[in-house]
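Here is the structure we will look at, set down as structure tokens.
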């Protein structure tokens, strides 16, 4: 398959800014089908990782994300899913070039699933505070969060089949918490 996508060299996103690695190091990402170089990607060193972790902690604890209502965070996560789907053809080709997977796997399975995961957590973002989402007139369902950051629904009403033991246990990413 000829490479029809010419991505720019990969840079690091640290504290909202795109930057090269502080060491100046980069590595080639290789197309496994013909061993051609797709592009160069910045190789994060210890200083870059420390800076990224510090910036992420600051953003999480005192940045706009920390002050944003859960429903607004959910809208951002939902939009991420939409952006993946809007750019599906381009992202599928990049993923296929980078990994050697088929376009079918990249474009029909993995990237749509990634979009669905963002949109799933977008919905969960506003439900982890113990609020009760509407389910049916004869039932209620509330989500609770325990210290291990997993969630589980608690369903009351005529049917408890939705809450079989262990079936609903999931891990929330910190971004949705």
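Here are a few things to note about the model shown:
- Meets criteria (under 24 Å from the mean Cα position of the chain (by Cα) and closer than 15 Å to residue 95 by Cα) for residue 16: no
- The set of residues in segment 45-103 that are free of Cβ contacts under 8 Å to residues at least 40 places away in the same chain, over 18 Å from the mean Cα position of the chain (by Cα), assigned to a helix (DSSP H, G or I) and crowded, with 16+ Cβ neighbours inside 10 Å comprises 48, 51.
- Scanning segment 56-71 for residues that are within 22 Å of residue 20 (Cβ to Cβ) and in contact with a strand residue (DSSP E or B) (Cβ under 7 Å, 6 or more places away or on another chain) turns up nothing.
- Residue 14, sole failed condition from (1) touching a strand residue (DSSP E or B) at 6+ places or on another chain (Cβ under 7 Å); (2) in contact (Cβ under 8 Å) with a residue 24 or more places away in the chain: (1)
- Members of segment 4-38 found to be on the phi > 0 side of the Ramachandran plot and not in a loop (DSSP other than H, G, I, E, B), listed by number: none
Read-outs: derived from the displayed coordinates by stated rules, not from any lab. Owing to the predicted nature of the structure, the values given are computational and were not obtained by experimental measurement. Using ideal geometry, Cβ is built from the backbone for each residue, glycine included, and neighbour counts are taken over all protein chains shown.
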